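Asks: Take this structure, written in structure tokens, and hold onto it; I'll ask about it next.
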Amino acid sequence: MTAQPALFGRPETSGTDVMPRHIGIIMDGNGRWASRNGLPRSVGHERGVEALRRTVRAGQKMGLEYLTVYSFSTENWRRPVSEVTALFGLLRTFIKQDLKRLNSEGVKIDVFGTRNGLPDDISKLLDLAVSETSSNDKFRLGIAFNYGGREEIVRAAALIAQKVQAGEITVEQIDEQTFSDALDTRTYPDPDLIIRTGEERRLSNFLVWQSAYSELYFTEVLWPEFGEEQLRDALLAFTTRERRFGGLKSGAA
Ligand code: IPE
Ligand code: IPE
Ligand code: MG
């Protein structure tokens, strides 16, 4: 059990370099959790939804502003159809069961990723989650669903190319800001911290552009076991990091 640092929470620390503004989470390890407990993988994913609920609640409580969760990658189509179907089923259930509550809590939902290949009803549910919560501003929940960082970058490049072709901007005007503004995450700051549960140490195509200077935190905890305590551990680790962004250690001139 980690002692709860006093520095977490609004308003004193919100938006400072102590409390991250935006956390991204690669929610990994559902399958391993299930097999270690002698359960089907689908049960691991179900427990994963509960971990998501706990984590969103904890983030709200700690005064986090933006949370992006990686729910389904453009590479997850490589899994058996039965598993993909089960994951879509869970997204349906999550939106149907939680949208009303999240909306009443002032959560604004954003969806990152492509709609290519998604069943129509899933696409409509994602639109509904976004439109119903569009005027909220207490907490931003980004759902990366059918998301791949490279796919997002390619779409952004195409969008910019179209603008050039239409004469809206010139090639010379393209800079990093133009690019960030063409990404799905355009209304989010870059993530200060990316957490990956499970035992892997990779990004697996998550927020590839946006993570250029993110702090990375890997934990052995499998996603179904993640919650407030584990989020606090990650935040505590974050406070020990020195972010230099290519500059020098403060006071080292
Ligand atoms: C994460 O858990 C959920 C998704 C990728 C959708 P996994 O299903 O990848 O679990 P492991 O990695 O097999 O344990
Ligand atoms: C990353 O996990 C994708 C999500 C958590 C949605 P994966 O389990 O798909 O990643 P790899 O295959 O281990 O890289
Ligand atoms: Mg995995």
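Readers should treat all values here as calculations from the given coordinates under stated rules, not as data from a laboratory. Only a predicted model underlies this, so the values are computations on that prediction, with no experimental measurement involved. Virtual Cβ from ideal backbone geometry, glycine too; neighbours counted across all protein chains shown.
Asks: Could you tell me which GluC sites (Glu not before Pro) in segment 137-193 are loop residues by DSSP with no more than 15 other beta carbons within 10 angstrom of their beta carbon? Write out the running numbers ahead of the final one.
Replies: Values: sites: Glu151, Glu152, Glu168, Glu172, Glu176; in loops: Glu168.
Within segment 137-193, the qualifying GluC sites (Glu not before Pro) (loop, at most 15 other Cβ atoms within 10 Å) are Glu168.
Asks: For the charge dipole of the chain, defined by +1 on Lys and Arg C-beta atoms and -1 on Asp and Glu C-beta atoms about the Cα centroid, which residue among Ile160, Ile122, Ser180 has the Cα displaced farthest towards the positive pole?
Replies: Ile122
Asks: Next question. What does the net charge come to around Pro191 if you take all other residues with beta carbon closer than 10 Å to its beta carbon, with K and R at +1 and D and E at -1?
Replies: Details: positive: Arg21; negative: Asp190, Asp192, Glu215.
Surrounding charge for Pro191 is -2.
Asks: Here is a further query. Please compute P(r) over all alpha-carbon pairs of segment 122-234, binned at 10 Å starting from zero, and give each bin as a whole-number percent.
Replies: Reading the bins upward from 0: 11, 33, 36, 16, 4, 0.
Asks: Counting other Cβ atoms within 10 Å of each Cβ, which chymotrypsin sites (Phe, Trp or Tyr not before Pro) in segment 40-95 have at most 12 and sit in a DSSP loop?
Replies: On the way: sites: Tyr66, Tyr70, Phe72, Trp77, Phe88, Phe94; in loops: none.
Qualifying residues, ordered by number: none.
Asks: Please work out the FRET efficiency for the pair Gln165 and Thr240, using the Cβ-Cβ distance as r and a Förster radius of 35 Å; give the result to the nearest 0.05. It would help to have the intermediate numbers written out before the result.
Replies: Working: r = 48 Å, r/R0 = 1.37.
Rounded to the nearest 0.05, the efficiency is 0.15.
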